[in-house]
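One structure below.
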Amino acid sequence: MWQVKLTEIKEEEKIFGAELNGAASDEDIEIFKKKVKEKLNFELPLEYIHFLQVINGLEFNGYTIYGIAQELVEKKPKNKIDGFIDSNQVWHEVNIKSSICFSVMAV
């Protein structure tokens with residue numbers, strides 16, 4: 001389902017001459033999974049990993065899906081990425097239950 005929406009977003013961005021980020025590499029994803037487990041004690045959902053294999057983070061029309069932060073990836077993304085780990089740490093600091101981990105929302 002999210003793949004269809006992502007295709008629509010890509011087409012809309014093309015109209016304005018914009019491009020979305022590319023996929024995260026398998027190596028970047030493996031490192032990221034270990035960092036998430038270490039820092040947040042959280043296992044990433046498989047669907048989110050599939051998302052990262054297509055696009056590393058997305059900001060569109062006020063909607064954000066966190067990606068792998070720029071300092072954790074080998075190839076720098078085309079667009080700014082709100083990092084999953086940093087964003088979750090901020091949410092936890094502002095007194096949200098630390099058992100919550102923000103990841104992928106169904107589109």
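The table below lists the values:
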read-out: Residue that is surrounded by the most Cβ atoms within 10 Å (Cβ to Cβ) [pool: residues in the range 13-56 that are of a type in the set (D, E, K, R) and closer than 16 Å to residue 78 by Cβ]; value: 28
read-out: The listed residue being in a loop (DSSP other than H, G, I, E, B), at pLDDT below 80 and among the aliphatic types (A, V, I, L, M), out of 90, 54, 104; value: 104
read-out: Of residues in the range 57-87 being modelled with pLDDT of 85 or more, surrounded by 13 or more Cβ atoms within 10 Å (Cβ to Cβ) and of a type outside the set (Phe, Trp, Tyr), the one farthest from residue 19 (Cα to Cα); value: 68
read-out: Complete set of residues in the range 57-83 that are assigned to a loop (DSSP other than H, G, I, E, B), over 16 Å from residue 36 (Cα atoms), of a type in the set (D, E, K, R) and in contact (Cβ under 8 Å) with a residue 12 or more places away in the chain; value: 74, 75, 78, 80
read-out: First in the range 39-51 and closer than 11 Å to residue 88 by Cβ, second anywhere and buried (at least 16 other Cβ atoms within 10 Å of the Cβ) and of a type in the set (S, T, N, Q), Cβ under 7 Å, 6 or more apart; value: 40/88
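The values are calculated or read from the model by the stated rules, or taken from the named source; none is laboratory data. Keep in mind that what you see is a predicted model, and the values were worked out from it rather than measured. Cβ: placed from backbone, ideal geometry, glycine included. Neighbour counts: every protein chain shown.
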